[in-house]
Amino acid sequence: KPTKPIGSFMSYEEAMKNQRENGWDVVEDAGRGWRRVVPSPYPQEIIERDAIKALIDQGFIVTAVGGGGIPVVEDQDGLKGIAAVIDKDYASSLLASAIEADMFIISTAVEKVSLNFGKENQIDLDRMTLAEAKQYAKEGHFAAGSMGPKINAIIRYLENGGKEALI
């Protein structure tokens, strides 16, 4: 289901042309113009996890799944790239679980996770349990385009045996 806007903004005419000629899914993006949209599926596997783990075990600092990684699918001919966007928080959670990381850290410009973010009754959180994170997420406290993926990624990491997480 294509939902993630990518690429530059286009006029309506240019968007319709790309839709016709290239088969793109396009949407109007918040009054700023038209953009291509692609799926943003949850990553299923980190292909390079064994190499990443081997480097970590040898003492290297490894930067991996930057920007979520390159989305691929596997068919009878092997791996091939697809038009999609992999969320960096979900990919990082999957990698942290796959390498059995003791702590999963998500760095962000926001000082603290908050309930009622940006409202008069905002509550900044210093700590929360897994049960609280799930409840707050269910209540809609974390926006899909910002803190939502981070909280959901941490929930997945902890549910898959992770010990501790920090945003």
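Can you show me the helix-derived [θ] at 222 nm for the chain, built from DSSP H runs with n ≥ 4 at -39,500 (n - 2.57) apiece and divided by the number of residues, rounded to the nearest 500.
Value at 222 nm, helices only, nearest 500: -9500 deg cm²/dmol.
Using a 1.4 Å probe on the protein heavy atoms, what percent of the accessible area of segment 1-88 belongs to carbon and sulfur?
51
Which links in Lys112/Lys134; Lys1/Lys150; Lys1/Lys80; Lys119/Lys163; Lys53/Lys112 stretch past 26 Å when you go from one Cα to the other?
Check vs 26 Å cut-off fails for Lys119/Lys163; Lys53/Lys112.
Just want the answer: with Cβ charges of +1 for Lys and Arg and -1 for Asp and Glu, which residue in Phe60, Pro43, Gly7 is farthest toward the dipole's positive end in segment 1-105?
Sorting the options by dipole projection puts first Gly7.
Hey, quick one: spin label on Thr63, modelled 7 Å out along Cα-Cβ, who in segment 86-100 has an amide N within reach, i.e. under 11 Å?
No residue qualifies, since no backbone N sits under 11 Å from the label point.
Which is the longest stretch in the chain that no exposed loop site breaks, taking sites as trypsin sites (Lys or Arg not before Pro) with a DSSP loop state and at most 15 other Cβ atoms within 10 Å? Don't skip to the answer; put the middle values down first.
Working: sites that count: Arg32, Lys112, Lys119, Arg127, Lys163.
Within the chain, the longest run free of exposed trypsin sites (Lys or Arg not before Pro) spans 33-111.
Between Lys1 and Glu13, what length in nm is gained on full extension when 0.36 nm per residue of separation is reduced by their alpha carbon distance? Kindly include the intermediate steps, with their values, before the conclusion.
Values: separation 12, 0.36 × 12 = 4.32 nm, distance 2.31 nm.
Length gained, Lys1 through Glu13: 2.0 nm.
GluC sites (Glu not before Pro) within segment 131-167: which are DSSP loop residues with at most 15 other Cβ atoms inside 10 Å?
Here the sparse-neighbourhood loop sites are Glu139.
If you stretched the chain out fully between Lys112 and Ala54, how much longer would it get, using 0.36 nm times the residue separation minus the C-alpha to C-alpha distance?
17.6 nm
Report relative contact order for the chain in percent, whole number only (criteria: Cα-Cα under 8 Å, sequence separation at least 6). Mind showing how you got there, number by number?
On the way: 229 pairs, mean separation 31.1, N = 167.
Contact order relative to length: 19 percent.
Go ahead and collect, in residue order, the members of segment 85-108 whose backbone nitrogen is under 18 Å from a label point 7 Å along the Cα-Cβ direction of Met128.
89-90, 93, 104-108
Mind checking the per residue accessible area of the chain for me, 1.4 Å probe, whole number of Å²?
Spelled out: the 1.4 Å probe surface of the chain, per residue, equals 66 Å².
Just to be sure I understand: with springs between alpha-carbon atoms less than 10 Å apart, which residue in Glu14, Glu45, Glu120 has the highest mean-square fluctuation in the Gaussian network model of the chain?
Checking each option, the largest mean-square fluctuation is seen for Glu120.
The values are calculated or read from the model by the stated rules, or taken from the named source; none is laboratory data. What you see is a predicted model; the values in this text were computed from it and never measured. Every residue, glycine as well, gets a Cβ built from its backbone with ideal geometry; the counts of neighbours run over all protein chains shown. Quick note on the areas: whole protein, heavy atoms, side chains included, nothing else; ligands and nucleic acids left out. Shrake-Rupley method; radii C 1.70, N 1.55, O 1.52, S 1.80 Å.
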